[in-house]
Amino acid sequence: MSIADAPATGPGDAPAADGPGAPVLPDAPWRTTWRRLWGDRGSRTALIAAALLILIALTAPLLSRLGGWSPTAFDADAIDPYLGGLPHGALGGISAEHWLGVEPVTGRDLFARVVHGAQVSLLIAFAATAIVVVTGTAAGIVAGYFGGRVDTVLSRLMDLTMSFPSLIFMIAMMSVAQDVNRVVLMTVVIGVFGWPGIARVVRAEALSLRHREFVEAARACGSGPWRILTRQVLPNISGPVIAYTTLLIPGMISTEAALSFLGVGVRPPTPSWGQMIAEAVAYYETDPMYFIVPSVFLFVAVLAFTVLGDALRDILDPQGGRP
């Protein structure tokens, strides 16, 4: 058969996959990442746990209605006033009516408060992480690409922000601001002090990329800085950014829980895991389930996102953090 007789192929036609000489098409990066994540037992377990926690947070109102109790509803019949308000029955009042028991003194349903606490804690953690990633990535990529005075100013700003004792400043700012939305305030405060870390990572990556051949070629073709940053530099640092983002989430969850535990986070009756643990400390001997339930949820959330972040870092940024 001559060349003229060969079938024409368009730009969208894929080469045939059958036959001994057929080329093997590489998998898309996200498919490779997914296959490696799902292929590891620890990563798979962490992914399932994180997905379940996110699902619980998204469906918290539906779950509390399914359980039959609002997170703020009192149940005087579930507690014993003659025993200091301790729950009736064993294991903190666990029953068909209250799936995880009730709070001492108030009788509020612990299941409803835990799932709504997941909504508050994960909302703050994800929103604060988004602020940190967007701010840090923008500052780091600009500092690394432009260099010179821009790099000097942004680097000194990173150093200045990191030099603050962040937890003390968070406590002070949360204590001073009274008549504001506590969820929004916590999100902004946590985000303000968290961006320099990822900014340093992105800056180092941008410094190594700004003189690479494909960047120089784009610059020689007349591409402006904005196009080079968004089309050439940013896609090549997306792996480390995604890995760092996943590792940020457990730290944000712990920070929110710590601030709520110290009494400067979200205020009652809005539930939060850290707030529930703080209130349960006084009952850890008489009603240990009140302390155990929110602590287990907090532990699982932090562990799941930490393991998932480590796995993504090994896949997307195998040289990250290594000499």
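Using 0.36 nm times the number of residues separating residue 207 and residue 262, minus their current alpha carbon distance, what extension gain do you get? All intermediate terms of the calculation are to be shown ahead of the outcome.
Numbers: separation 55, 0.36 × 55 = 19.80 nm, distance 4.06 nm.
So the extension gain works out to 15.7 nm.
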Check: Over segment 202-245, what per residue volume does the convex hull of the Cα atoms give, in whole Å³?
Finding: 62
Check: Got a number for the accessible area of residue 157? Probe 1.4 Å, square angstrom, nearest 10.
Finding: 80
Item checked: Cα convex hull of the chain - mean projected area over all directions, nm² -> 25.5
Checklist line | Convex hull of Cα atoms in segment 216-273, direction-averaged projection (nm²) | finding: 6.0
Next item on the list: Can you send over the carbon and sulfur percentage of the accessible area for segment 73-186, probe radius 1.4 Å, protein chains only?
Entry: 71
Margin query: Quick check for you: with a 1.4 Å probe and neighbouring chains kept, what is the accessible area per residue of the chain, in Å²?
Written below: 54
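Using only alpha carbons, build the gyration tensor for segment 31-90 and give me the equivalent ellipsoid semi-axes, biggest first, whole Å. Don't skip to the end; give the middle numbers.
On the way: eigenvalues 328, 46, 9 Å².
Semi-axis lengths for segment 31-90 are 40, 15, 7 Å.
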Next item on the list: Would you tell me the accessible area of residue 306, worked out with a 1.4 angstrom probe on the heavy atoms of the protein chains, in Å² to the nearest 10?
Entry: 50
Notebook entry, point to check: Hey, rough spin-label estimate for residue 150 and residue 164, points 7 angstrom out along Cα→Cβ, what's it come to in nanometres?
Noted result: 2.5
Checklist line | By accessible area with a 1.4 Å probe, ligands and nucleic acids excluded, highest first: order of 216, 256 | finding: 216, 256
Check: In degrees, nearest 10, range 0 to 90: what is the angle between the Cα axis of helix 29-39 and the longest Cα principal axis of the chain?
Finding: 50
Checklist line | Share of pairwise Cα separations in segment 103-216, more than 17 Å, in percent | finding: 65
Note to self: With angles folded into 0 to 90 degrees, how steeply does helix 195-209 sit against the dominant principal axis of the chain? Use alpha carbons for both and round to 10.
What the structure shows: 10
Notebook entry, point to check: Per 5 Å bin, what is the whole-percent P(r) computed from every C-alpha pair distance within segment 168-299?
Noted result: 2, 9, 15, 14, 12, 11, 9, 8, 7, 6, 4, 2, 1, 0, 0
Item checked: Listed residue (218, 117, 85) projecting farthest to the positive dipole end of segment 79-227, Cβ model -> 218
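Determine the sum of side-chain charges near residue 280: Lys and Arg each +1, Asp and Glu each -1, restricted to other residues whose C-beta is under 14 angstrom from that of residue 280.
Numbers: positive: 108, 113; negative: 103, 279, 285, 287.
Summing Lys and Arg as +1 and Asp and Glu as -1 gives -2.
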Notebook entry, point to check: For 226, 195, 30, what's the largest-to-smallest order of accessible area, 1.4 Å probe?
Noted result: 226, 30, 195
Next item on the list: Whole Å is fine, so just give me how far the alpha carbon centre of segment 259-320 lies from that of segment 108-175.
Entry: 18
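The values are calculated or read from the model by the stated rules, or taken from the named source; none is laboratory data. Just so it is clear, the structure is predicted and the values come from calculations on it, not from any experiment. Ideal geometry is used to build each Cβ from the backbone, glycine not excepted, and the neighbour counts take in all protein chains shown. When the accessible area is computed, the model is the full protein with side chains, heavy atoms only, and any ligands, DNA or RNA have been set aside. Shrake-Rupley method; radii C 1.70, N 1.55, O 1.52, S 1.80 Å.
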